[in-house]
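First up is the structure itself, then whatever we jot down about it.
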Amino acid sequence: MEASTSERPAAAEGGVAPMVRFDRVTKRYGALTVLDDLQLDIAAGEKVAIIGPSGSGKTTVLRMLMTLERIDGGVIWVDGEPMTHMPGPGAAGSGSLVPASQRHLRQVRGKVGMVFQHFNLFPHMSALKNCMEAPVTVLGLSRKEARERGAELLSMVGLGDKLDHFPGQLSGGQQQRVAIARALAMRPKVMLFDEVTSALDPELVGEVLTVIRKLGAEHDLTMIMVTHQMGFAKEFADRVCFFYQGRIAETGAPAELFGNPENERTRQFLSAVLEAG
Amino acid sequence: MGVRQTTILVILSFVAGLVVASFAGFREFIPGLLEGAWVTVRITVQGCLLAVVMAVIAGIAKMYGPWPLRWLAVCYIEVFRGTSALVQLFWLFFVLPHFGVFLEPMTVAVVGLGLNVGAYGAEVVRGAIQAVPRGQWEASTALNLTRMQALRRIILPQALVAMIPPWGNLFIELLKSTAIVSLITIGDLAFRAQQMNQTTLKTVQIFSIVLVMYLAISMVITLLMRLLERRAAAGLSRGRVS
Ligand SMILES: Nc1ncnc2c1ncn2[C@@H]1O[C@H](COP(=O)(O)OP(=O)(O)O)[C@@H](O)[C@H]1O
Ligand SMILES: [Mg+2]
């Protein structure tokens with residue numbers, strides 16, 4: 001990653017500065033360019049659904065924002081701060097940025113939380129301990145505070161009676177709800193969901209989506225979700241982004257993008273998905 | 001082999017020992033050989049402890065250390081795996097004094113065997129850590145744990161379970177290789193046996209007892225490792241359905 005220049009996201013006309021900005025972000029794996037010059041602003045509190053064919057780079061977008069992948073070009077901003085970069089020495093106000101140090105990454109990363117397709121719960125800890133670990137280790141909460149916070153969140157996701165269960169004793173849907181509570185326990189401003197219902201049996205999808213709906217209604221979280229649940233995206237998202245071969249091929253309000261897609265690729269993708277049921 | 005079978009074998013080997021000891025021709029050798037066995041057990045236990053400590057340090061340093069540490073770990077692992085334990089002991093015992101370092105024979109035995117087995121153990125530690133699914137690291141990063149916090153709190157507890165069976169093998173290897181310490185003037189089980197054999201020529205009796213004693217010690221190691229494995233696995237996947 002090179003030193004870069006990127007403008008601090010400014011408040012748009014009458015609005016607020018974006019919570020997340022991908023500024024000309026590029027990601028390559030060897031010769032393969034997975035994301036090409038991605039430009040995307042997401043407002044605070046906005047719910048964005050990312051859809052698109054397999055391999056189009058949807059997961060990569062989330063993983064970069066969670067700092068699980070390094071980027072090869074551009075700058076990612078979170079909450080008005082550069083995340084992948086930090087201001088260069090003596091460059092105050094000049095807009096010159098150098099790649100972020102571990103310390104800077106840790107500081108900004110705390111604003112983002114992620115829920116994974118395969119849950120990734122810690123198998124050697126109870127549901128409650130899963131939710132307490134990072135608040136105690138990273139945020140320095142006392143065990144008592146962390147326990148209260150964890151128990152409260154687990155009740156919120158409907159698992160108030162499963163605090164002492166281990167992941168191996170829970171269904172997929174329950175595990176995914178623990179994973180949501182675990183991420184929320186860090187009080188992130190941005191939550192990322194990567195196909196969080198794809199690994200679940202069909203009858204367990206609903207309980208997880210219900211929790212996400214509730215989160216959207218009760219918290220002013222910024223939420224970015226990669227999903228194949230078109231019905232849910234339509235009903236839940238403020239905006240839908242259709243990815244195709246590492247670029248945003250089309251973006252818009254769900255009613256427009258689903259009702260009257262402009263892009264030929266979008267149309268093909270949607271009809272293929274609808275056909276599959 | 002389950003815990004129960006191992007327990008039965010341990011009991012059987014002790015019973016065999018008692019039976020052997022009840023014959024007059026064998027009895028006279030038992031006290032001396034027991035003394036030797038006690039020396040062997042002490043070297044084994046201390047050597048195993050050192051091996052575990054070295055293996056964890058070297059294994060983690062090789063994977064995550066800054067480059068000088070990583071380099072040091074690689075050197076340690078390759079040198080101690082690539083040369084024989086006997087040569088290592090001779091080095092510590094006969095060569096170091098030329099440089100003004102004099103070590104007690106027992107210290108040489110524990111350090112030599114501990115470092116030797118620790119070098120193999122480092123690869124066990126590394127393999128077990130690498131076998132923990134990548135998603136566990138990613139979840140840890142997403143929760144903003146540092147790499148060392150993730151290693152200590154999330155990864156190592158899971159890797160531990162996978163490490164126990166190979167460590168059982170290494171401990172038994174260490175037990176068996178204690179026989180070479182007789183070459184640096186230590187009166188271990190093998191040394192006592194040879195000594196008695198030279199003076200009495202009762203080869204059959206002496207080496208039968210020695211065989212049973214080594215077997216008994218290694219069965220105890222196996223049993224302890226089984227118990228440990230069972231506890232660790234229970235802690236890791238309580239009530240896992242599959
Ligand atoms: N670690 C990796 N190494 C090499 N290629 C990768 C890696 N991760 C993802 N890719 C490739 O990047 C592209 C985008 O992947 P991904 O973001 O997972 O797609 P999606 O989530 O939209 O299905 C795919 O072509 C995939 O094969
Ligand atoms: Mg994906």
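Apply the Karplus parameterisation 6.51 cos²θ - 1.76 cosθ + 1.60, with θ equal to phi minus 60°, to every residue of region A:76-89 and state each ³J(HN,Hα) to the nearest whole Hz, in sequence, with x for glycine and proline.
Residue by residue, region A:76-89 yields 9, 10, 10, 6, x, 10, x, 9, 6, 9, 9, x, x, x Hz.
Ignore the peptide's own chain and count Cβ atoms of other chains within 10 Å of each Cβ in A:117-125; give me the average, rounded.
Mean number of neighbouring Cβ atoms from other chains: 6.
Using the Cα gyration tensor of region A:157-228, with a ≥ b ≥ c the square roots of its eigenvalues, what is the shape: rounded (a/c below 1.5), prolate (a/b larger than b/c) or oblate (neither)? Present the calculation step by step, with values, prior to reporting the outcome.
Numbers: a/c = 1.82, a/b = 1.24, b/c = 1.47.
It is oblate, given that a/c is not under 1.5 and a/b is not larger than b/c.
Tell me the net charge near B:Gly2. Cut-off is 15 Å between Cβ atoms, B:Gly2 excluded, with +1 for each Lys or Arg and -1 for each Asp or Glu.
Around B:Gly2, the charge tally is +3.
Just to confirm a number: summing +1 for Lys and Arg and -1 for Asp and Glu over residues other than B:Arg70 whose beta-carbon lies under 15 angstrom from that of B:Arg70, what do you get?
In short, +1.
Using a 10 angstrom cutoff on alpha carbons, build the Gaussian network for chain B and name the most mobile of B:Thr44, B:Thr107, B:Thr185.
B:Thr185
Between the alpha-carbon centers of region A:202-277 and region B:79-146, tell me the distance in whole angstrom.
53 Å
Dipole size in debye (nearest 20) for region A:122-187 around its Cα centre, Lys and Arg Cβ +1, Asp and Glu Cβ -1?
100 debye
What residues qualify as long-range amide H neighbours of A:Ala44, i.e. H under 5 Å apart, gap of 5 or more or another chain, H built at 1.01 Å from N?
A:Met19
Please list, by residue number, every one of the chymotrypsin sites (Phe, Trp or Tyr not before Pro) in region B:66-122 that is coil in DSSP and has at most 13 other beta-carbon atoms within 10 Å.
B:Phe102
Express in whole angstrom the spacing between the alpha-carbon centres of region B:1-57 and region A:122-146.
What the calculation gives is 43 Å, centre to centre.
Positive end of the dipole of region A:60-197, charges at C-beta (+1 Lys, Arg; -1 Asp, Glu), about the Cα centre: which of A:Cys131, A:Ala183, A:Trp77 has its Cα farthest in that direction?
Farthest towards the positive end: A:Cys131.
Near the amide H of A:Leu200, under 5 Å away, which other amide H atoms are found, from residues 5 or more places off or on another chain, if H is placed in the peptide plane?
HN-HN under 5 Å from A:Leu200: empty list.
Please name which of B:Val87, B:Leu151, B:Ile186 has its Cα lying farthest along the dipole of region B:3-233 towards the positive end, using unit charges on Cβ (Lys, Arg +1; Asp, Glu -1) and the Cα centre as origin.
Result: B:Leu151, furthest along the dipole toward the positive end.
Taking 7 Å along the Cα-to-C-beta vector as the label spot, tell me the B:Val87-A:Glu262 distance in nanometres, rounded to one decimal.
Output for this residue pair reads 7.4 nm.
Using a Gaussian network for chain A with springs between C-alpha atoms less than 10 Å apart, which of these wobbles most: A:Ala49, A:Ala249, A:Ala127?
A:Ala249
With a ≥ b ≥ c the root eigenvalues of the C-alpha gyration tensor of region B:3-233, is it rounded (a/c under 1.5), prolate (a/b larger than b/c) or oblate?
Oblate is the answer for region B:3-233, as a/c is 1.5 or above yet b/c matches or exceeds a/b.
Pop out the ³J(HN,Hα) list for region B:131-137 in order, Karplus 6.51 cos²θ - 1.76 cosθ + 1.60 with θ = phi - 60°, rounded to Hz; leave Gly and Pro as x.
7, 6, x, 4, x, 5, 5
Could you tell me whether chain A comes out rounded, prolate or oblate from its Cα gyration tensor? Rule is a ≥ b ≥ c as square roots of the eigenvalues, rounded for a/c under 1.5, then prolate if a/b exceeds b/c, otherwise oblate. Show your work: numbers first, answer last.
Values: a/c = 1.81, a/b = 1.13, b/c = 1.60.
Oblate, because a/c is 1.5 or more while a/b does not exceed b/c.
Which residue, B:Val108, B:Val181, B:Val204, tops the fluctuation ranking in a GNM of chain B built on C-alpha contacts under 10 Å?
In this elastic network of chain B, the residue with the biggest mean-square fluctuation among B:Val108, B:Val181, B:Val204 is B:Val204.
Quick one, could you list the DSSP H helices from chain A stretching 20 Å or more along their long axis (Cα atoms) with average Kyte-Doolittle hydropathy of 0.0 or above?
Taking the DSSP H segments of chain A (at least 20 Å long, mean hydropathy at least 0.0), we get A:202-218.
State the answer as a single residue: which of A:Ala199, A:Leu121, A:Gln102 lies farthest towards the positive end of the charge dipole of chain A, with beta carbon charges of +1 for Lys and Arg and -1 for Asp and Glu, about the Cα centre.
Looking along the dipole axis, the top candidate is A:Gln102.
Give me the net charge of B:Tyr214's neighbourhood, meaning all other residues with Cβ under 14 Å from the Cβ of B:Tyr214; Lys, Arg count +1, Asp, Glu -1.
The answer is 0.
Give the longest segment of chain A that steers clear of GluC sites (Glu not before Pro) in DSSP loops with at most 15 neighbouring Cβ atoms within 10 Å, not counting the sites themselves.
A:14-261
Excluding same-chain residues fewer than 8 positions from A:Lys189, which lysines have a Cα within less than 21 Å of its Cα?
Straight-line reach from A:Lys189, under 21 Å: A:Lys47, A:Lys58, A:Lys111, A:Lys214.
Taking amide H positions as placed 1.01 Å from N in the peptide plane, with prolines and chain starts having none, which residues 5 or more places from A:Ile50, or on another chain, fall under 5 Å of its amide H?
Result for A:Ile50 returns A:Met225, A:Val226, A:Thr227, A:Cys241.
Once phi is turned into θ = phi - 60°, what whole-Hz ³J(HN,Hα) does the Karplus curve with 6.51, -1.76 and 1.60 give for every residue of region B:101-110, x standing for Gly and Pro?
Coupling constants for region B:101-110: 9, 10, 10, 4, x, 4, 4, 4, 4, 5 Hz.
Only the coordinates and a few stated rules stand behind these numbers; no lab work does. Keep in mind the model is a prediction, meaning the values are calculated, not measured. With ideal geometry, Cβ positions are generated from the backbone for all residues, glycine too; neighbour counts draw on all protein chains shown.
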